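See structure below.
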Amino acid sequence: MNVKTRVLLTGGVIGMLIGILAGWLYLNSAAIEVDEEGMEHIAPPPAGDALKMGLGVLGVLRQLSG
């Protein structure tokens, strides 16, 4: 396996793990609502919070890339 493939696979695995951790943290902090049919729903994050999270991720990626 060449270097490019290893770097892409490693980055993909790290990204997957960070995504799972972010989902778990959001799930633990968000209120779960149950409708009359028994289906569970989680409210999406407010637009401002989603924008802050996205810009934070971009900032981290920018620092990692040099």
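Coordinate-derived values only; no laboratory data. As the structure is a prediction and not an experimental result, all values here were calculated from the model. All Cβ positions, glycine included, derive from the backbone under ideal geometry; neighbour counts span all protein chains shown.
Please give the charge dipole size of segment 3-65, origin at the Cα centre, charges +1 on K and R Cβ atoms and -1 on D and E Cβ atoms. Round to the nearest 20 debye. Working shown, then result.
Details: 4 positive and 6 negative charges, 181 e Å.
That gives a dipole near 880 debye.
Between Trp24 and Val7, what is the label-to-label distance in nm when each label sits 7 Å out along the Cα-to-Cβ direction?
Going from the Trp24 label point to the Val7 one covers 2.9 nm.
Could you work out how far helix 47-65 tilts from the main Cα principal axis of the chain, as a 0 to 90 degree angle to the nearest 10?
Here the helix axis deviates by roughly 10 degrees.
Based on DSSP H runs of at least 4 residues, each adding -39500 (n - 2.57), what is the mean residue ellipticity at 222 nm of the chain after dividing by all its residues, to the nearest 500 deg cm²/dmol? Write out the running numbers ahead of the final one.
Working: 2 runs with 46 residues, N = 66.
Helix contribution divided over all residues of the chain: -24500 deg cm²/dmol.
Mind putting together the pair-distance distribution for the chain? All Cα pairs, 10 Å bins, whole percent per bin, short to long.
Pair shares across the bins are 16, 35, 28, 15, 6, 1.
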